[in-house]
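Readers should treat all values here as calculations from the given coordinates under stated rules, not as data from a laboratory. All values derive from a computational prediction rather than experimental measurement.
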Amino acid sequence: MYVAIALAVALVLVVFVVAPLLTTDSKQDAVVPVDVTPAADLKRRRLVVYENIQDLDFEYKSGKIAPDDYESLRESYMSEAAHLMLASQEADRPLSAMDSFIEREVAARRARHKARPVEEYRCAKCGFENPVPVKFCGNCGAPVVASAKGS
């Protein structure tokens, strides 16, 4: 009798633990969207600092924080909020002609950098393709000379 009850409880526990691992969650509500734009990141960080200031005020009024600690923390939070506000204002300002020129030059250099040929490290002696840049073949130990891929 006790063995049957123990087995039933064990079976229920196993199902309770394993069931979430085997079910697929197709709900989109479970996914938190991440906004990766600089302006959105600054806004999110600024809102977190504002919430921290509100929590700090509440805890000070309830007597959980000493006055000296409250003043120093509030000052640091206010300073951080001011820096974030300034950064978000700078991010919102339109680009000047010089900034636009710099952005175009950076984009052009990145495009040229991507267009460079990929080097292949294939051993001329044994034909082994080394996965990383090396001076000697990982298979036979012969010196490897890098060559452009496709040549």
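Here are the numbers for this structure:
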{"quantity": "All positions within the stretch 33-75 that are of a type in the set (A, V, I, L, M) and in a loop (DSSP other than H, G, I, E, B)", "calculated": "34, 36, 65, 66"}
{"quantity": "Flag if residue 93 is basic (Lys, Arg) and farther than 20 Å from residue 37 by Cα", "calculated": "no"}
{"quantity": "Selection from the stretch 90-110 of residues that are part of a helix (DSSP H, G or I) and among the hydroxyl-bearing types (Ser, Thr, Tyr)", "calculated": "100"}
